[in-house]
Amino acid sequence: TSSGVFLLQMGWGDLGAFGEPSKETPNLDQMAAEGMLFLDFYTANPLCSPSRAALLTGRLPVRNGFYTTNGHARNAYTPQDIVGGIPDSELLLPELLKKAGYINKIIGKWHLGHRPQFHPLKHGFDEWFGSPNCHFGPYDSRERPNIPVYRDWEMVGRYYEDFKIDLKTGEANLTQLYLQEALDFISKQQASQQPFFLYWAIDATHAPVYASKQFLGTSQRGLYGDAVREIDDSVGKILNHLQQLGISENTFVFFTSDNGAALISAPKQGGSNGPFLCGKQTTFEGGMREPAIAWWPGHIPAGGVSHQLGSVMDLFSTSLSLAGLQPPSDRQIDGIDLLPVILQGKLIDRPIFYYRGNELMAVRAGLYKAHYWTWSNSWEEHSKGIDFCPGQSVSGVTTHTQEEHTYLPLLFHLGRDPGEKFPLSFASEEYQQAVERISGLVQQHRATLVPGQPQLNVCDQAVMNWSPPGCEKLGKCLKAPESDPKKCSWPH
């Protein structure tokens with residue numbers, strides 16, 4: 001069985017199947033109607049790079065090194081000047097799938113470190129078309145270089161220079177390039193009868209949002225909606241391609257997101273997190289509960305809806321299971337195999353851990369969620385207009401100082417109160433029973449936790465994308481400044 005994982009930045013409320021009122025995602029809605037919708041599916045972190053590291057290792061970011069210890073409970077990611085990346089000691093899904101003869105391709109954003117030792121082809125992928133970082137820019141090539149786009153081992157150009165993104169109109173044809181790459185890769189593997197793993201990690205809905213010409217101005221939701229419509233159209237074409245090649249019944253496909261919609265770029269470039277509180281950057285539901293759809297015609301009963309507590313880390317264990325492989329036994333794996341859930345409708349009891357940097361912020365068990373810490377962002381940032389919960393402040397919940405609730409966690413019942421607005425009374429029996437259960441899970445988790453070496457502590461301008469491999473052939477090498485490593489500052 002081949003498998004495909006589609007990962008992008010979108011909110012839980014961005015799809016028609018999840019109740020988005022403009023109903024502009026017919027292909028994803030059909031994918032849900034033909035497959036299984038997960039309503040309680042989570043990412044491993046409210047930011048992109050730690051979530052991607054978690055998906056590919058099956059391990060929480062605090063274990064795989066994708067976190068910082070610079071300041072308590074800080075979110076950190078992999079900008080151009082980060083020194084760290086995915087450690088060699090981590091085993092990535094494509095490395096393991098190789099043992100079963102899989103050919104592995106990543107299309108789009110890698111975001112697990114951009115220095116040569118972190119290159120995806122050194123960590124199990126056979127092919128890559130995409131970029132190590134997000135499409136921020138354009139940069140001046142003196143203070144910082146434009147982000148390279150790679151084909152396999154070498155760069156083939158840079159964003160804004162060779163791969164145009166018009167920031168005024170939002171026009172870019174990148175999603176079309178990424179779509180064509182996917183279709184060609186699938187055709188090639190089908191022709192050679194090779195099982196494959198395709199990781200389609202596009203970033204059109206990440207601000208600055210972009211879409212290609214034929215989609216611009218077509219959505220009721222503005223440019224963000226245009227990008228969503230193009231992604232939806234692309235997913236439809238990929239699934240259709242699998243069907244036309246006659247391999248859809250041998251291909252497991254999963255669609256999800258690396259974090260909730262970024263409300264800081266709302267309303268013009270922000271998505272929807274449905275009924276949930278806040279968005280990207282936070283450990284409230286809006287930051288970490290994701291849209292998720294599993295599709296495998298002939299195997300997954302159509303129209304299924306699951307309330308299994310799921311995680312992007314489960315895609316690691318589930319993909320290994322599909323390939324007939326066991327997860328590595330020499331390390332803690334946080335993902336579970338979802339096949340019994342998907343194929344037999346089972347429910348597996350397991351908690352969800354909500355981390356922010358080096359701190360366990362909250363835990364969900366069943367329908368209860370206990371917050372041990374609350375924090376959206378600092379008063380200082382908030383007063384400058386940086387707001388991760390616009391129009392959604394909940395007194396004592398969306399706090400602007402880091403509030404500790406270790407001894408009396410804030411408890412919510414997510415069935416009755418998905419928006420986390422009404423904490424349960426500390427005196428109630430319901431509170432005491434739920435907290436007792438969750439406290440046991442936390443103690444168990446902490447007892448076995450061996451944090452990885454933090455990769456996101458040190459920044460250095462000299463390690464930016466000045467002279468990536470292949471730059472000489474293109475005349476695109478830039479002179480790097482002197483090395484000057486510093487502690488990265490992570491304000492939130």
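The values are calculated or read from the model by the stated rules, or taken from the named source; none is laboratory data. Computed from a prediction, not measured in an experiment: that's the story for all the values here. Heads up, the Cβs are rebuilt from the backbone with ideal geometry, glycines too, and the neighbour counts pull from every protein chain shown. The protein model used for the area step is the full one, side chains on, heavy atoms only, and it has no ligands, DNA or RNA in it. Shrake-Rupley method; radii C 1.70, N 1.55, O 1.52, S 1.80 Å.
Which FRET efficiency value, to the nearest 0.05, is calculated for SER22 and SER483 with the Förster distance at 41 angstrom and r the Cβ-Cβ distance?
On the way: r = 50 Å, r/R0 = 1.21.
Given R0 = 41 Å and the Cβ-Cβ separation, E is 0.25.
Check cross-link reach from LYS487 to the lysines: straight Cα distance under 24 Å, and skip same-chain residues fewer than eight apart.
LYS280, LYS384, LYS479
So if I place +1 on the C-beta of Lys and Arg and -1 on the C-beta of Asp and Glu, and nothing else carries charge, what would the dipole magnitude of the range 2-349 be about its Cα centre? I want it in debye, nearest 20.
Details: 27 positive and 36 negative charges, 85 e Å.
Dipole size: approximately 420 debye.
Provide the net charge surrounding PRO297, with neighbours chosen by a C-beta distance below 10 Å and charges set as Lys +1, Arg +1, Asp -1, Glu -1. All intermediate terms of the calculation are to be shown ahead of the outcome.
On the way: positive: none; negative: GLU34, GLU249.
With Lys, Arg at +1 and Asp, Glu at -1, the neighbours total -2.
Dipole magnitude of the range 359-448 about its Cα centre, charges +1 at Lys/Arg Cβ and -1 at Asp/Glu Cβ only, in debye to the nearest 20? Kindly include the intermediate steps, with their values, before the conclusion.
Working: 7 positive and 11 negative charges, 53 e Å.
The calculation lands at about 260 debye.
Given axes a ≥ b ≥ c from the Cα gyration tensor, I'd like to know whether the range 22-179 is rounded (a/c under 1.5), prolate (a/b larger than b/c) or oblate. List each step's numbers first, then the result.
Numbers: a/c = 1.29, a/b = 1.04, b/c = 1.24.
Note, shape of the range 22-179 comes out rounded.
Show LYS280, LYS486 ordered by accessible area, largest first, where the area counts protein heavy atoms only and the probe is 1.4 Å.
Details: LYS280 20, LYS486 115 Å².
Order by accessible area, largest first: LYS486, LYS280.
Using R₀ = 35 Å, calculate the FRET efficiency as 1/(1 + (r/R₀)^6) where r is the Cβ-Cβ separation of GLN244 and LYS268; round to 0.05. Don't skip to the end; give the middle numbers.
Details: r = 37 Å, r/R0 = 1.07.
So the FRET efficiency works out to roughly 0.40.
Between THR218 and VAL305, what length in nm is gained on full extension when 0.36 nm per residue of separation is reduced by their alpha carbon distance? Kindly include the intermediate steps, with their values, before the conclusion.
Values: separation 87, 0.36 × 87 = 31.32 nm, distance 3.01 nm.
Answer, rounded to one decimal: 28.3 nm.
Any idea how far the Cα center of the range 126-187 sits from the one of the range 272-314, in Å?
28 Å
Tell me, rounded to the nearest percent, the portion of alpha carbon pairs in the range 1-94 spaced more than 21 Å apart.
Working: 2047 of 4371 pairs.
Value for the range 1-94: 47 percent of Cα pairs lie more than 21 Å apart.
How charged is the neighbourhood of GLN444? Take every other residue with its Cβ under 14 Å from the Cβ of GLN444, and add Lys/Arg as +1 and Asp/Glu as -1.
Values: positive: ARG350, ARG437, ARG446; negative: ASP334, ASP349, GLU436.
Taking every Cβ under 14 Å from that of GLN444, the sum is 0.
Take the Cα pairs of the range 359-448, get the Kirkwood Rh, then feed it into Stokes-Einstein at 37 °C and 0.692 mPa s and tell me D in µm²/s.
Details: Rh = 14.0 Å.
Answer from the Stokes-Einstein relation: 235 µm²/s.
Could you list, by residue number, the cysteines of the chain that have no other cysteine's beta carbon within less than 4.7 Å of their beta carbon?
CYS48, CYS134
Measure off, as a whole percent, the carbon and sulfur share of the 1.4 Å-probe accessible area of the chain, all protein chains present.
On the way: 9570 of 18200 Å².
With neighbouring chains kept in place, the figure for the chain is 53 percent.
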